[in-house]
Number of protein chains: 2
Amino acid sequence: MARAGVTAERLVRAAADLADEVGFDNVTVSALARGFGVKDASLYSHIRNAQDLRERVAVLALAELADRGATALAGRAGKDALVAFANAYRDYAKEHPGRYAAMQIDLTPEIAAASAAGRHSEMTRAILRGYDLSEPDQTDAVRLLHSTFHGYATLEAAGGFRHTPRDTESSWSRTLDALDVLLNHWPRT
Amino acid sequence: MARAGVTAERLVRAAADLADEVGFDNVTVSALARGFGVKDASLYSHIRNAQDLRERVAVLALAELADRGATALAGRAGKDALVAFANAYRDYAKEHPGRYAAMQIDLTPEIAAASAAGRHSEMTRAILRGYDLSEPDQTDAVRLLHSTFHGYATLEAAGGFRHTPRDTESSWSRTLDALDVLLNHWPRT
DNA sequence: GTGGTAGCCTAGGGCCTCTAGCTTTCAGGG
DNA sequence: CCCTGAAAGCTAGAGGCCCTAGGCTACCAC
C-alpha cells in the first residue's frame, strides 16, 4: 500500500487545475481520487466533503487573483492603474476559467471574511485614489467597476460576444477608455 | 395508473420555478419527477436528458426577460429607456434568481440563435439610439452596458455588496446616472 | 369496438457522495 | 531495535442522480 502523499493543499491545487481543464462543475471527488491513484473515500480525511473542496478552490482563486491585482497596481496610478488592474482581472479569467468560476460560488460570511475577498474591494478602491471621488460616490464607483469587470469577463468567457464580428480585444480596450472618462466625469450629487 | 399530465412545457415551467426556489444547480430530474408524483424515467419521454432540460429553462428565461425588456422600452428613449431597461433586467434577476442563473449556461450556437438572445442585443442597441454613437463605438457600448447590468445583477445576488453599508438601491440608481453620463461623453476615436 | 400513440412503469447499470470501521505506513521515543 | 500512535489508505455499503430498454395502459380517432 504505497502512499500517494495526498495533502489538503495538493488536493485543492489539483482540483483547481482540473477545474481549468474540464470546468468547475465537472470537478468531482472521484475524478480527483483517480488522478491521485487513490480511492474516493481516502480523500475524506483531507476534505470535509465536496462542498468544502469547492470552497477551498474558491479561496485559492481569490488569493491568486488578489496577488495578481496587487502586482498590477504596484507603482501605478490613475488610468494606468485602472487598465493594469482590469487586465489582471480579465487575463486571470481567461487563463483560469475553472478557478474564476469557483470564485463565483456563494461563500459563507466566515469563509468570505477569512478569504482575500476583502483585498479585492480595497484594491478597486485604491484605483479610485487617482480620481477625485468621495463617499458615497466612491463605493458606488467601486461597485460599478467591479460589476463591469466581472460582467465582461463572464460574458466573454461564455461566448456572449461571439455573435458580433467586432473583436473583444478592441472592445475591452475601449471599455477601459470609457470607464476612465466616466470616473473623470462622475455625476456629482 | 392515473396520468399526471406531464408535458414538456409544464416540465420546463416547473423546473424554472424549482430553480427560483432552490437554486438552478439543485434542479434535478428526480426532484422534478417527485414534484409530479411520477418516476424519473417517465420524464425522459418529454426531455432528452438533464442538459436538455436546463437548456429549455434557459431559453424560457431569455424569452421572459426579453418580453419584460420590450415592455420597459416601449415609448421611452434616452436615459428613460436606459433606466427602464436596466431595471427590468435587475428586477428579473432578483425575482427569478434560478431562471437568471439558467440564462448564463453556455448554449449551443443553434439553440442560442433560436432563442431570444438576439432580442437582448437588439434592445440594448435600441437604447443607444438616444445617444449619438456610431459603429464600432455602438457595439462597444452595448458590450459595456450588458456587462455592467449582468455584473451588477450577479454580484448583488451573490451578496458581493453585503460587506459595505451603502444600500444597493442607491448605488444602482447612481450607477445608471453614471452610465448615462458615460454614453453622453463616450470617448471619440 | 379497436388500433395507435402517448404517458407511465419496472428493472437495472453507471457514476458520484459520504460513512463506518479496518489495515498499513512511518516517525519518534523508550 | 522494538513499540506505538497518528496519519494515510482500503473495503464495504447505502443512497442519490442520470439514463436506457422494454413492457403495460389510458385515451383518442375512426
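Quick notes on this one:
- Dipole of chain A, positive end: most advanced residue of A:V12, A:A66, A:H146 [Cβ charges, Cα centre]: A:V12
- Extension gain, A:A77 back to A:A114 (0.36 nm per residue minus Cα-Cα distance, nm): 10.5 nm
- GNM result for chain A, Cα springs below 10 Å: residue of A:L144, A:L179, A:L82 fluctuating most strongly: A:L144
- Solvent exposure of region A:8-184, expressed per residue, is 44 Å² of accessible area, with all protein chains present and a 1.4 angstrom probe.
- Gaussian network model of chain B, Cα within-10 Å springs - most flexible of B:D91, B:D67, B:D132: B:D132
- Cα-based equivalent ellipsoid of the protein assembly as shown: semi-axis lengths in Å, sorted from largest, via gyration tensor: 35, 30, 17
- With R₀ set to 41 Å, the beta-carbon distance separating A:D167 from B:A4 gives a calculated FRET efficiency near 0.20.
- Most fluctuating residue given options B:V38, B:V57, B:V12, as computed from a GNM of chain B linking Cα atoms under 10 Å: B:V38
- Length, then width, then depth: along the principal axes, the Cα atoms of region B:55-184 run 39, 37, 26 Å.
- Per-residue ellipticity at 222 nm, computed for the protein assembly as shown from helices alone with -39500 (n - 2.57) per DSSP H run of at least four residues, works out to -21500 deg cm²/dmol.
- The protein assembly as shown - charge dipole about Cα centre, Lys and Arg +1 at Cβ, Asp and Glu -1, debye rounded to 20: 540 debye
- Each Lys and Arg adds +1 at its Cβ and each Asp and Glu adds -1 at its Cβ; summed about the Cα centre, region B:55-184 shows a dipole of about 240 debye.
- The residues packed around B:T139, meaning those with a beta-carbon under 12 Å from its beta-carbon, carry a net charge of 0 if Lys and Arg are +1 and Asp and Glu are -1.
- Positive-end residue, chain B charge dipole about Cα centroid, Cβ charges, pick of B:H163, B:A117, B:L179: B:A117
- Chains B and A, summed buried accessible surface - 1.4 Å probe, Å², nearest 100: 3200 Å²
- Charge tally around A:T164: other residues with Cβ under 12 Å, Lys/Arg +1 each, Asp/Glu -1 each, net -1.
- Peptide A:171-182, shielding by other chains (average Cβ, 10 Å cutoff): 5
- Counted over region B:9-116 with a bin width of 5 Å, the fraction of Cα pairs per bin, in whole percents, is 2, 13, 21, 20, 17, 12, 8, 4, 2, 1, 0.
- Taking a Cβ cut-off of under 15 Å around A:V38, the surrounding Lys, Arg, Asp and Glu residues balance to a net charge of +3, with basic ones at +1 and acidic ones at -1.
- Pairwise centroid distance, computed over Cα atoms, of region B:26-103 with region A:89-165, Å: 25 Å
- Share of carbon and sulfur in the accessible heavy-atom surface of region A:8-184 [1.4 Å probe, %]: 51 percent
The values are calculated or read from the model by the stated rules, or taken from the named source; none is laboratory data. Computed from a predicted model, the values in this text were never measured in an experiment. Cβ coordinates were reconstructed from backbone atoms using ideal geometry, including for glycine residues, and neighbour counts include every protein chain displayed. Heavy atoms of the whole protein, side chains included, go into the accessibility calculation; ligands, DNA and RNA do not. Shrake-Rupley method; radii C 1.70, N 1.55, O 1.52, S 1.80 Å.
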